[in-house]
């Protein structure tokens, strides 16, 4: 619970910065690059303060991801290793369990990762309105209607590879 509260508080502070960063990475439609303050002003003009926090609804459950990953890691550790090795498992085991626990935590929450990215990017639907401003459930339903379940998991492979490496290394360093 503490991890969730800390995650939500952190998102409240970092989400606008993250939204600006995502928008800058995508660039303007005319191909020009805008600075941080210019992008901030443009986003305020487009959607007000709400535009900067458009990704908040999917971010709240995503704040569970680190806690869920650690819980699954602990569960896997207790389930598959003898008690005498649980305190100091071999490095390869720590890496593998970290990677697997991250994948098991990420897969059910991945549609929220996708929706958060769409919210931050300002990606629009056919009517030109931002999906973020339409709501979390509308966005998920729209993706499902257009692309099926596969659409909700578009890009999952990249997220899993990123998580496999980052979580595996993080758990290995944490243990050492």
Query raised in the report: Tilt of helix 136-152 relative to the longest C-alpha principal axis of the chain, in degrees (0 to 90, nearest 10)?
Result: 70
Query - In degrees, nearest ten, helix 36-52 long axis to first principal axis of the chain (Cα) - result: 90
Report task. Relative to the longest principal axis of the C-alpha atoms of the chain, give the angle of the C-alpha long axis of helix 91-121, reported between 0 and 90° and rounded to the nearest 10°. Result -> 10
Requested in this report: Can you give me the P(r) profile for the chain? Cα pairs, bins 5 angstrom wide beginning at 0, each as a whole percent.
Outcome: 1, 8, 14, 16, 17, 15, 11, 8, 5, 3, 1, 0, 0
Query raised in the report: residue 1 to residue 74: extension gain in nm, 0.36 nm per residue of separation minus the Cα-Cα distance?
Result: 24.7 nm
Query - Residue with peak Gaussian network fluctuation, the chain [Cα springs, cutoff 10 Å], from 56, 114, 26 - result: 26
Report summary line: Rounded to the nearest 500, the 222 nm mean residue ellipticity computed for the chain from DSSP H runs (n ≥ 4, each -39500 (n - 2.57)) alone is -26000 deg cm²/dmol
Report task. Please give the residues of segment 84-122, grouped as numeric ranges, whose backbone N is less than 17 Å from a label point set 7 Å along the Cα-to-Cβ vector of residue 21. Result -> 113-114, 116-122
Query - Inter-label distance, nm, simple model (7 Å from Cα along the C-beta direction), residue 38/residue 138 - result: 3.1
Report task. Using only the Cα atoms of segment 1-54, build the gyration tensor, take square roots of its eigenvalues as a ≥ b ≥ c, and label the shape rounded, prolate or oblate: rounded if a/c is under 1.5, else prolate if a/b is larger than b/c, else oblate. Result -> prolate
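Just so you know, all these numbers are worked out from the coordinates, no wet-lab data involved. The structure presented is a predicted model; accordingly, all values stated were derived computationally and were not measured. Virtual Cβ from ideal backbone geometry, glycine too; neighbours counted across all protein chains shown.
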